[in-house]
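Scroll down for the structure; my scribbles are underneath it.
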Amino acid sequence: MKRFFALSRTTHGVLDLAMPGFVALLWLGAFPSFWTIVLSIFTAFAAYTAIYALNDLVGIAVDKEKFAGGINAGYSVEASDLRYPLAQNVLPYKSGFLWFISWFVVALVGAYILNPFIVVILIAASILEVIYVLLLKVTYLRTFVSGLVKSSGPIAAIYVVDPNPDLTKVLLVLAWVFVWEIGGQNIPADWNDTAEDRRVNARTIPLQLGTQIAGLIVLLTLVLTVTFSLLLPSVSPLALGWPYLLATALAGILLLIQPAYNLYQQQSEGRMAARLFDRASYYPMAQLIIVTLFVLLSKLLP
């Protein structure tokens, strides 16, 4: 099973579950029913498992070319020696495809039960993921596609708890996740893979625009992430005051802005970018913990 979980980057995928969890809890201002929570977690796990696997299935040819000279050290959240099992020929393509199809069907069924509109979001995210992979040698603007793919999970979470959400508020959540993905995940991941990407003439922001511009984009997008996080209480029925704003701002400064500033200042090779990726990967979990505490406090205090 390790090869299959490596294909789906399950360690990272589990961390990703915190983002839709946070958004649903913030949006509703309370815990959904027990069965909604269970089904939502299972469906989200299936969706992330499928889409991460889809990335490697579509990009197998380029991955083999990229990693012909060896696979880099990776990030602590997904540093398994079995990373890219298809490219390393330790997992048959047919087995990987069946793994993807199985989890994708499970995700579709769960999504339909939760809210049929989420099926549309899931299919759109899958199509966008394919487009993202195919654009590797075409344009660095594919980072915007990555932002939309990662935003799909939190947006789907909104439709779990609210069938008719305010679209202005939905766009605010989308913008928040979008800039976090670009600055905290996508560009740092490409930065960490610059040696491998050069082998295939990939068009990524660090390679096409240089590390100085890449570092500036990372810093600006993560400053925007923290700024948008201070506006997120407007989507919640909870009366979230200064204590919440201070907590969410502190999480953003420690997990996003500080490592982003260090990367921008030093413009070093991949390891520092990988450290930013790691820190940013824990940002959704920090937000989930913070909002959970405030939801619990709202139940205990009059």
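Some points to look at:
- Positions within the stretch 191-205 being buried (at least 16 other Cβ atoms within 10 Å of the Cβ) and free of Cβ contacts under 8 Å to residues at least 24 places away in the same chain, in sequence order: none
- Remark: pairs (first residue in the stretch 83-108, free of Cβ contacts under 8 Å to residues at least 60 places away in the same chain and of a type in the set (G, A, S); second residue part of a helix (DSSP H, G or I) and surrounded by fewer than 21 Cβ atoms within 10 Å (Cβ to Cβ); Cβ separation under 8 Å; 6+ apart in sequence or on different chains) = A87/I60; A87/K64; A87/F67.
- Yes/no for L297 being assigned to a helix (DSSP H, G or I) and either surrounded by fewer than 17 Cβ atoms within 10 Å (Cβ to Cβ) or among the small types (G, A, S) (or both): yes
- Among residues of the stretch 237-269 being in contact (Cβ under 8 Å) with a residue 60 or more places away in the chain and surrounded by fewer than 20 Cβ atoms within 10 Å (Cβ to Cβ), the one that is farthest from L28 (Cα to Cα) is E269.
- Unique match (being within 21 Å of V179 (Cβ to Cβ) and either of a type in the set (G, A, S) or at pLDDT 95 or above (or both)) among L209, L220: L220
- For the stretch 144-182, taking the residues that are polar (S, T, N, Q) and within 12 Å of the chain's Cα centre (by Cα), the one that is surrounded by the most Cβ atoms within 10 Å (Cβ to Cβ) is identified as S151.
- Beta carbons closer than 7 Å, at least 6 apart along the sequence or on distinct chains, pair a first residue in the stretch 114-134 that is free of Cβ contacts under 8 Å to residues at least 12 places away in the same chain with a second that is of a type in the set (A, V, I, L, M) for V119/L108; V119/A111.
- Restricting the stretch 72-110 to residues that are small (G, A, S), buried (at least 20 other Cβ atoms within 10 Å of the Cβ) and assigned to a helix (DSSP H, G or I), the residue that is modelled with the lowest pLDDT: G96
- Looking only at residues in the stretch 216-233 that are assigned to a helix (DSSP H, G or I) and closer than 14 Å to V291 by Cβ, the one that is farthest from the chain's Cα centre (by Cα) is P233.
- Selection within the stretch 12-29 - under 15 Å from F42 (Cα atoms) and modelled with pLDDT under 95: G13, V14, L15, D16
- Conditions (1) touching a Phe, Trp or Tyr at 6+ places or on another chain (Cβ under 7 Å); (2) of a type in the set (F, W, Y); (3) surrounded by fewer than 17 Cβ atoms within 10 Å (Cβ to Cβ); number of the one not met by F67: (3)
- Some residue of the stretch 271-292 being assigned to a helix (DSSP H, G or I), without any contact (Cβ under 8 Å) to a residue 24 or more places away in the chain and more than 19 Å from T204 (Cβ to Cβ): yes
The values are calculated or read from the model by the stated rules, or taken from the named source; none is laboratory data. On a predicted model such as this, the values are computed, not experimentally measured, just so you know. Ideal geometry is used to build each Cβ from the backbone, glycine not excepted, and the neighbour counts take in all protein chains shown.
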